[in-house]
Structure formats: structure tokens, C-alpha cells
Amino acid sequence: MKRTHHCAQLAKSDLNATVSLSGWVDSVRDHGGIIFIDLRDRAGVIQVKFDSALREQAAQLKNESVVEITGKVVARPGEMINKTLLTGEIEVDATNLVVHNIAETPPFPLTDADGDKVSEDLRLRYRYLDLRRPKMRKHLAVRHRATKSVRDYFDSLGFYEVETPALFKSTPEGARECLVPSRIHAGQFYALSQSPQQFKQILMVAGVEKYFQIARCFRNEDLRADRQMEFTQIDVEVSFIDREGIYSLFEGMLKRVWKDVLNHDLPTPFPRLAYKDAMNRYGVDKPDTRFGLEIADFSETFRNSGLKMFQSTVEAGGSIKAFNAKDLADVTQSEISVLEEVAKSLGGKGLAYIKAEKGGWRSPIVKFFTDAEKAELTQKLDIEESDIVFFSAAPWERACTILGRIRIEVAQLFVKRGKLTLRADQWNFLWVVDFPLMNYDEECGGYVATHHPFTSPVPEDVSLLDTDPKSVRGQHYDVVLNGMELGGGSIRIHQSALQEKVFKDVLKIPAEVVENRFGYMLKAFKYGAPPHGGIAFGLDRMCALLCGTVSIRDVIAFPKTQKSQDLMVQSPASVTEKQLRELHIKIAEEVKWSCCSIKNLLGEKFFYFRCRDKENQTINQVTVFRSAGYLIYFCIFDKF
């Protein structure tokens, strides 16, 4: 390459040097006999001057054209110094210009301020232009430095970086999968790996001892700001380690990354908070501790309450939770309505509250409170004039969750009023520990693993697996930063008998399913599996936090939209019939049904529907259902 420097590398020390630069035309300015352009490459911008000899050629340039120039570095006149640029004291007096490409007018401005106002869909459709913006280039640079820092850290500690397969087997018990049909084995499928979890545990059995990988993972889930179908995680597994060793190891990694990328010294060790304490105090297992608004429990206070809803909730084993939003009694009715809808969306019947204003408490529920109940509320929540207290009465987890979400919404109301600042560069790291190993799922009528079935129980709780699985704590841990789960992992089960017990006796997975899904793993454990544990960090989430952005799409070069589409390459897309035949796949035609007549049968309980398809042809199908329940029965008849 003829380039001698990047644009932003030049300084006053290079005066009178002859340089060659390559890049994009950031802007063109015609000053009569002289044309100036700002030349941009990934390092920055410098001004280039074209005199009469090159003026005609330079006049043809448009923004975003690709050029190569040769010239002499000269000082700018005093009145033309630009103090906002690193290269603002110098310019290049061009002696030669090579035009590689004349660009069309971009569909949106490529400055940060103007580009941020453009719809995200348009920016993603022209992602190659969006990535030219300074902010987006910075995001890619931060991601590169963070990834390199991680690799350097683990290399310095003797870890091996090992690649594991992207094509795995289907494990439908987890998140929704991306299935890949086999061309060779008709009717059989691979699944794109959701996580290297089982492979990295096998690597521990293989004696690798210290493994890490910058791993690409796939989950066919609905997308949002912090979730993509394909994402990258920092995946780690270590043999002969306990939880304390994990905490120290990964605090060291994060300390290294923050120092390398931001030149910021993170204080360690990070605080630790048990899962139950996190739920009781913050209403969520990934709390944002940059602000207070802590939740308190009043179940015993209202055990014999005159408010029937509170009393019956406690009698049924539920909880009464509350927190004080100090100095927010000026909340509007429309804002209260939004909070009520949030509570209802989480299973609450509404949102009870009291306002302390005009020398008293205002609320429909206050008349049911005794003086003792009021005194305890005042003492525990420090209720003063202009405060508002929010309540939730529900089963324990739901009561916590409802107020946890209300707490976040209230924090945003404080931000809106200028009473709270949530700084993106305030790094409140936290370990959340002692999660329950199992949860009881009412819908399926059995226990399910809180995280995954490979997590080892806390040793002193192992005996409870037979008698009270929901009381067993798992050796799981999450790293939380400012309300976002950054990573999670656990000490694993390494003994075949215990792993099999969890599968068959606790989770009630049929023996043939266990053998089909995990037989190779159980067999491997019998050949000497060491104690081991690990963690997976979301690289995309970590980089988003480092860049101070709320969406991981901003730190992924080519992300999907919330509708799981890549607008630039227009995927997903249809494929040919030949491709489908090779993969032994036939796409079923979508049939849309419409009801054209209803007749009551057998009183009020059963009905039948005469249906038509999308071409308005009568279909010989009768749908019969029981109106009092949820079961729907489909019956096929030759005739109506």
C-alpha cells in the first residue's frame, strides 16, 4: 500500500513531510480558487487543500468518495486552526489525487448527531454506511480491545482456547433452537449450539483443566435490546476450582478489561448478595444498585389486618411487600395508571399505594390500617410528607417481582424529574449467589432446574434432594452490573451417580431420554471427571456497557432486527425446491380457517363450527370444544 500514515496520526512534528493518505471524503468545501476536503479514515480526519492545478479534478468529488492523495504537511493559518480536531493545526497541501470511487449521495447523514435521528431499520439496511459513523467505529474498536484483553488475560494464566462444534444435537428442554436439517441422514437434524456447556465439561474430563473460548451461540428466541438470535459469549471452564476461586478469577478478568479499555481501576472484590436477599430487597435477581428504593416485608405486620386482601394473602402463605418513593407524591394520575398496568401485566390485581401529603395519608386502604400498622410502616420506611408508598400483596415471588418492576419504573420517574442520575460510568458490580437448585413448575407438575441440570448442589443440601428439592441451594453465581446480568455459571456435578439422580429422580426425565440426551456425558464421568466449574459472560452485553449504550445491536457489526431479520442482506429468505428436496423437507401450505356457521349442541357446553378455507371452500371439519375449560377437540367427519 502507498499509504504512509493514517489521517489522525499526523501532527505538527510532521511539518514539511511528504505523505500519502487514503480514505473517504468526509466533506467538500469550494473556496473559489481553492478546494478543501476533510479526508477520513478509521483513525480520524485531516484537512486536505487542492490548489488550481488539482482544483478541477477535486471539484468532481462527492461526500463518501474514496480517494488517495499525496502531499506536503503544512501549518494552517492562525485563523483556520480547528481546536476540535486532533489534526486541527495542520493540513495537507495535495500534489496528487487518485480517485478510486465516486460515491452516490448516502441515504442519511453519516455524522453521529444526525445519524442517531435516523430510524434504526434504515441504518441497518445500509449498515456499511452506518458503521462509517465515528461512534460506530469506536464501538467496534472497543469490542476489539475488550476481546483482546480477555484473550491476553486467560493466556497469561495458562488457559487453552479450544473451539467446540457449532453443529450440536437438539436439546428441546432448553431455549428454542435453530435446527439444521441433515442432507445425508433424512429426517434428522442438527441444532446450532446454544452454549458449549456439555463440550466444555467433556474437555474437563479430557484433562484440559483450563479452557476458554470466544464462542458463537444461537438461540431462536424473541429479540430485544439485550438479546440476539446469534450472540457471542466468553465461555470458561476450570478443573479443581471452587466458588471462591471462580469469583477471584473473573473479578480479575473484568478488572483487566476495564483497565485495558477504559483505563479504569475496578475495586475488587465485588459485593455478594444471596438470591433471596436480592428478591426481598430489590424484587429481582439482577438488581440495579445505583439507587435505593429498597423493598421491605410487612407480612407479619398485616397478618391480622382489617384489609381483607392483605390478611387473606398472608393466610395463604403469600407476602405483603412495600417500598417508599420519597418525595414523589406529586406523581400524576396518568403515571399511576402506567404503574398499575405494569403490575397487572405481572399478575397483580392492581397497585395499592398511599400518599403522605397535606399533613396526612391519602389512600382508599388507609382506613383499614390500625395505629400500630401505621407506626410500623412509618418506622421501617421513614415515611415523611410528600412521600408515596407502593404495596404488593401476592405469593412471595410474584410480590417481589411486581415491586421490583415498579421500583425500576419509579426510578425512571425520578430521572425524568431530575431527582436521580443513573450514570452509565458508575460500575456497580455484584455477585448474586445461592440460587435455588430447583423450582417447582405448577404447569408441568414437577421440578425444573433453575438454570441447568448440570449445576452442583451446595454440599450440605444434597440430602434434601430426596425430601425437599425446592430447598436445595445450587452452587450457581451470576455477575450483575447496573441491573444487567453480565454472566452466569456454576460449579458442576462431576459424579455420574449424582448427575443421574438429578436427571431421573428429581427432574423425572425418563431413563430412555436421559440415555439419548446425556448418555455419553454420564459415561464420560465414570472415567474420572475432576471437580470443575465455569461461567459464560455475554461479550455483546459487556461491550454495550463499556460503550455506554443500551442496545447490544450497537456493538455487533451486523445484527438482526427485533423481527429477527438482517435488512441489509434480506435474510431470512426463501430457498429453491431443489434445496428442499436435498434436505428431505416439504413446506406445508398455510391454511387459514374462518367460521361461517355455529350451531349449539347439547345445551351450553358444546358447539360445532362449519368452516371455510382461504378460497371460501367448505371444509369437512367440525370443531367441538368445551366452553368451560381450555381443552379443544378436533373431529373429522365425511359430512356435516
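Brief remarks follow.
- Scanning segment 1-18 for residues that are assigned to a helix (DSSP H, G or I), of a type in the set (D, E, K, R) and exposed (fewer than 14 other Cβ atoms within 10 Å of the Cβ) turns up just one, 12.
Here's the yes/no breakdown for (1) hydroxyl-bearing (Ser, Thr, Tyr); (2) within 18 Å of residue 538 (Cβ to Cβ); (3) over 20 Å from the mean Cα position of the chain (by Cα); (4) surrounded by fewer than 19 Cβ atoms within 10 Å (Cβ to Cβ):
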residue: 237; (1), (2), (3), (4): no, yes, yes, no
residue: 242; (1), (2), (3), (4): no, no, yes, yes
residue: 248; (1), (2), (3), (4): yes, no, yes, yes
residue: 259; (1), (2), (3), (4): no, no, yes, yes
residue: 265; (1), (2), (3), (4): no, no, yes, yes
residue: 278; (1), (2), (3), (4): no, no, no, no
residue: 283; (1), (2), (3), (4): no, no, no, no
residue: 286; (1), (2), (3), (4): no, yes, no, no
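- Note on segment 393-407: residues that are surrounded by fewer than 19 Cβ atoms within 10 Å (Cβ to Cβ) and under 19 Å from residue 304 (Cα atoms) amount to 2.
- Residue 382 being of a type outside the set (A, V, I, L, M), exposed (fewer than 13 other Cβ atoms within 10 Å of the Cβ) and modelled with pLDDT of 95 or more: yes
- Every residue from segment 152-178 that is in a strand (DSSP E or B) and either free of Cβ contacts under 8 Å to residues at least 24 places away in the same chain or open to solvent by less than 50 Å² (accessible area, probe 1.4 Å) (or both): 168
- Residue count, segment 421-476 (criterion: more than 22 Å from residue 273 (Cβ to Cβ), open to solvent by less than 60 Å² (accessible area, probe 1.4 Å) and of a type in the set (Val, Ile, Thr)): 2
Conditions (1) touching a Ser or Thr at 6+ places or on another chain (Cβ under 8 Å); (2) more than 29 Å from residue 438 (Cβ to Cβ), marked per residue:
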residue: 231; (1), (2): no, no
residue: 235; (1), (2): yes, no
residue: 241; (1), (2): no, no
residue: 251; (1), (2): yes, no
residue: 270; (1), (2): no, no
residue: 286; (1), (2): no, no
residue: 291; (1), (2): no, yes
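- Of all residues in segment 204-215, those being open to solvent by 30 Å² or more (accessible area, probe 1.4 Å) and either farther than 15 Å from residue 535 by Cα or among the hydrophobic types (A, V, I, L, M, F, W, C) (or both) number 5.
- Leading residue by the ranking (farthest from the chain's Cα centre (by Cα)) among those in segment 19-32 that are surrounded by fewer than 17 Cβ atoms within 10 Å (Cβ to Cβ) and farther than 14 Å from residue 93 by Cα: 32
- Of everything listed in (1) part of a strand (DSSP E or B); (2) over 29 Å from the mean Cα position of the chain (by Cα); (3) surrounded by 14 or more Cβ atoms within 10 Å (Cβ to Cβ); (4) not acidic (Asp, Glu), the single unmet condition for residue 103 is (1).
- Residue match in segment 501-520 (condition: surrounded by 16 or more Cβ atoms within 10 Å (Cβ to Cβ) and closer than 25 Å to residue 251 by Cβ): no
The values are calculated or read from the model by the stated rules, or taken from the named source; none is laboratory data. This structure is a prediction, so every number in the text was calculated from the model and none was measured. Heads up, the Cβs are rebuilt from the backbone with ideal geometry, glycines too, and the neighbour counts pull from every protein chain shown. Side chains included, ligands, DNA and RNA excluded: accessible areas come from the protein's heavy atoms. Shrake-Rupley method; radii C 1.70, N 1.55, O 1.52, S 1.80 Å.
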